[in-house]
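The values are calculated or read from the model by the stated rules, or taken from the named source; none is laboratory data. The model shown is predicted, which means the values in this text are computed figures rather than measured ones. Cβ sites come from the backbone with ideal geometry, for glycine too, and all protein chains shown count toward neighbours. Ligands, DNA and RNA are excluded from the accessible area calculation, which covers all protein heavy atoms including side chains. Shrake-Rupley method; radii C 1.70, N 1.55, O 1.52, S 1.80 Å.
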Amino acid sequence: MSQRKPSEKLKSRVKDRAKNIFEYCKSQAVFSSQPFAIEHIIPFIEGRKTVLSNLAFACHGCNGHKYTHTTGRDIVTRKEVSLFNPRKQHWNDHFTWNDDFTLIVGKTPIGRATVETLQLNREGCLNLRRALFAFGKHPPIDD
Ligand SMILES: [Zn+2]
């Protein structure tokens with residue numbers, strides 16, 4: 001029987017796999033003022049398990065906005081689409097940075113719906129990206 005809360009060992013594996021970089025907003029855990037969250041990509045309440053293939057490394061902001069959502073509305077096509085799944089999709093296929101690396105820009109319906117639903121361009125994220133960029137610490141190198 002799978003538990004809702006991952007074990008310490010599983011948390012550590014999710015964190016290591018993500019190289020300490022949050023898998024939606026690409027913020028770096030080392031610069032986060034809050035502890036990280038282990039996010040269920042498909043919610044536990046929908047019967048999905050607490051296993052590596054259904055877990056993502058996330059900040060509390062993204063985790064809170066994602067909540068139990070698995071879909072979101074694309075602002076361009078107005079269609080309801082699946083949110084980005086970091087276990088099945090590559091971040092660079094769905095998102096990019098704007099010219100000064102402060103904004104995450106959705107390149108696809110999935111990317112745009114995820115930017116909106118998870119609020120990937122929250123003010124605090126923008127300020128942190130701006131400050132880290134000035135010190136050569138953003139964007140993170142993860143690929
Ligand atoms: Zn985040």
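Hey, could you check segment 44-93 for residues that are of a type in the set (K, R) and either touching a Gly at 6+ places or on another chain (Cβ under 7 Å) or open to solvent by 50 Å² or more (accessible area, probe 1.4 Å) (or both) and say which is nearest to K5 (Cα to Cα)?
K49
Among the residues of segment 64-95, those identified as closer than 12 Å to L120 by Cβ and either assigned to a loop (DSSP other than H, G, I, E, B) or not small (G, A, S) (or both) are H65, K66, L83, F84, W91, H94, F95. Candidates are the residues of segment 118-130 that are away from the ligand (no atom under 11 Å from the Cβ) and out of contact with any Phe, Trp or Tyr (no Cβ under 9 Å at 6 or more places or on another chain); the one that is most open to solvent (accessible area, probe 1.4 Å) is E123. On inspection, G136 does not qualify as within 12 Å of the ligand (Cβ to nearest atom), over 20 Å from E80 (Cα atoms) and exposed (fewer than 13 other Cβ atoms within 10 Å of the Cβ). The number of residues in segment 18-43 being in contact with a Cys (Cβ under 9 Å, 6 or more places away or on another chain) and exposed (fewer than 15 other Cβ atoms within 10 Å of the Cβ) comes to 1. Q34 falls short on exactly one of the conditions (1) in a helix (DSSP H, G or I); (2) farther than 25 Å from R112 by Cα; (3) touching a residue at least 24 places away in the same chain (Cβ under 8 Å), and that condition is (1). Of everything in segment 1-17 that is in a loop (DSSP other than H, G, I, E, B) and free of Cβ contacts under 8 Å to residues at least 40 places away in the same chain, the residue that is surrounded by the fewest Cβ atoms within 10 Å (Cβ to Cβ) is M1. T96 meets the conditions (1) closer than 18 Å to I141 by Cα; (2) under 15 Å from the mean Cα position of the chain (by Cα); (3) open to solvent by less than 40 Å² (accessible area, probe 1.4 Å); (4) of a type outside the set (G, A, S) in every case but one. The failed one is (3).
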